[in-house]
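*Asks:* One structure, as structure tokens, below. Some questions next.
Taken together, the values in this text are just the output of simple stated rules run on the coordinates, not laboratory data. Predicted model, so just to flag it, every value in this text is computed and none were measured. In this analysis, Cβ positions are derived from the backbone assuming ideal geometry, glycine residues included, and neighbour counts consider all displayed protein chains.
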Amino acid sequence: MKKIIFSGMQPTSVPQIGNYLGAIKNWNALQSQYNSLYCVVDLHAITIRQDPNELRQNSLNLLALYIAAGLDPDENIIYIQSHYNGHTELSWILSCFAYMGELGRMTQYKDKSSKHNENVNAGLFNYPVLMAADILLFGAHLVPVGDDQKQHLELARDIAIRFNNVYGDIFTVPEAYIPKSGARIMSLANPEKKMSKSDEAANQISLLDAPEAVMKKFKRAVTDSETEIRYDPESKPGISNLLEIYATTLGISIDKATAEFAGSGYGHLKTTVGQAVVDEIINPIQSKYSDLTKNKDYLHQIMQKNAAKAKELGDPILRKVKEAVGFIVGCVD
Ligand code: AQP
């Protein structure tokens, strides 16, 4: 039996290269060794107010983008989170095993509630519980994520262990898979800040940006007043970010990437990194993406088939959880 992977992405906008390098690239690399579920997490997305039509469109587009980026929809369970109600059911149960104090300490909750202080809703606070439910529902062994999700994953492990200590071995305790490079791609305009898909267009490289726009953004990337190309995220965040993007895009070490640019100027570094991103990420994804989005029937078939597969895998675990906590199961379903 292959081990299980669960991971997901919010359809809050079009993914950026950080989402790709920190998550999707690793999903691609791991897909043949694991039984994998890759989810479009629309339930998570509504913790920030979304336009309903845009959310629907972004969810379908993200599904198409997963496939365009290399995930095989026949080998992996690629589906929409709200299509399987096991996520919300388990989330409620797990919220009774999560503490206010630990949820209040989550960095993403603090960041997002200060960024959206007009709408600090309970969903934003409970976000990590839903994420724990996503993972534990399928007995996932491995969760490939970028660095910003590490804290949430640790909480999912704590909840699983806490639940198991009371009711026996119900949940698999998941491990995080955080890549050695590319786990935290920074904004090109402000390399002290993480690149985010819901940030301003100028601060991120969207996977659907035109190649010319990508090159322009790289040429404008903020660097520093020195001339030496050296990897040192503390004192040279802009240059280090460009080296990290280059190394992760080509699958080479940071040392090798740095050596390639020995004696070069910042201009050459920016255009070479931009070109690598266009050749290795932007062009291959975009060449498949536009055909996929035109084929709505195909995408609908995938949504249907894969939501059923997710249910098949999740329902037995959900049933065990319900029995464990003392619900009457089996007489009405
Ligand atoms: N800058 C990043 N570098 C590396 N990995 C990243 N991830 C996100 N940003 C970077 C990883 O992408 C996966 C999906 O992220 P998400 O959609 O669940 O939400 P997020 O982490 O909040 O990503 P964004 O781009 O910042 O989205 P918004 O703007 O909607 O909040 C995760 O594995 C994440 O670690």
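*Asks:* Where in region 236-312 are there helices (runs of 4 or more DSSP H), lying wholly inside it, with at least 1 residues that are surrounded by fewer than 18 Cβ atoms within 10 Å (Cβ to Cβ) and of a type in the set (D, E, K, R)? Before you say what the answer is, go through the steps one by one.
*Replies:* Working: elements: 237-250, 254-260, 266-277, 283-294.
Those helices (runs of 4 or more DSSP H) span 254-260, 283-294.
*Asks:* Hey, could you check region 154-175 for residues that are crowded, with 17+ Cβ neighbours inside 10 Å and within 14 Å of the ligand (Cβ to nearest atom) and say which is farthest from A140 (Cα to Cα)?
*Replies:* A156
*Asks:* Here is a follow-up. Can you say whether I245 is within 15 Å of the ligand (Cβ to nearest atom), touching a residue at least 24 places away in the same chain (Cβ under 8 Å) and more than 21 Å from L62 (Cβ to Cβ), as far as the supplied structure shows?
*Replies:* Values: within 15 Å of the ligand (Cβ to nearest atom): yes; touching a residue at least 24 places away in the same chain (Cβ under 8 Å): yes; more than 21 Å from L62 (Cβ to Cβ): yes.
Yes.
*Asks:* In addition: Report, by residue number, each residue of region 7-20 that is within 6 Å of the ligand (Cβ to nearest atom) and part of a helix (DSSP H, G or I).
*Replies:* Listed by number, the residues that qualify are G18, N19.
*Asks:* Just the residues that are touching a helix residue (DSSP H, G or I) at 6+ places or on another chain (Cβ under 9 Å) and of a type outside the set (A, V, I, L, M, F, W, C), please, taken from region 90-110. Give the derivation first.
*Replies:* Quick first cut of region 90-110, residues touching a helix residue (DSSP H, G or I) at 6+ places or on another chain (Cβ under 9 Å) only: 90-98, 100, 102-110.
Passing the criteria: S91, S95, E102, G104, R105, T107, Q108, Y109, K110.
*Asks:* Shifting gears a bit: Given the condition among the charged types (D, E, K, R), in contact with a Gly (Cβ under 9 Å, 6 or more places away or on another chain) and either more than 20 Å from W27 (Cβ to Cβ) or surrounded by 20 or more Cβ atoms within 10 Å (Cβ to Cβ) (or both), answer yes or no: does some residue in region 132-153 qualify? Working first, answer last.
*Replies:* Applying the first criterion (among the charged types (D, E, K, R)) to region 132-153 yields 134, 147-148, 150.
Then keep just the ones that are in contact with a Gly (Cβ under 9 Å, 6 or more places away or on another chain); that gives 134, 147-148.
Within this subset, residues satisfying the condition of being either more than 20 Å from W27 (Cβ to Cβ) or surrounded by 20 or more Cβ atoms within 10 Å (Cβ to Cβ) (or both) are 134.
Yes, some residue in region 132-153 is among the charged types (D, E, K, R), in contact with a Gly (Cβ under 9 Å, 6 or more places away or on another chain) and either more than 20 Å from W27 (Cβ to Cβ) or surrounded by 20 or more Cβ atoms within 10 Å (Cβ to Cβ) (or both).
*Asks:* Go through the residues of region 27-49 one by one and say whether even a single one is in contact with a strand residue (DSSP E or B) (Cβ under 8 Å, 6 or more places away or on another chain) and of a type in the set (D, E, K, R).
*Replies:* Yes, region 27-49 has at least one match.
*Asks:* While we're looking at this one, here's another question. Residue pairs, Cβ under 8 Å, 6 or more apart or interchain, first in region 95-107 and exposed (fewer than 12 other Cβ atoms within 10 Å of the Cβ), second not in a loop (DSSP other than H, G, I, E, B) and not polar (S, T, N, Q). List them.
*Replies:* G104/F125; T107/D148
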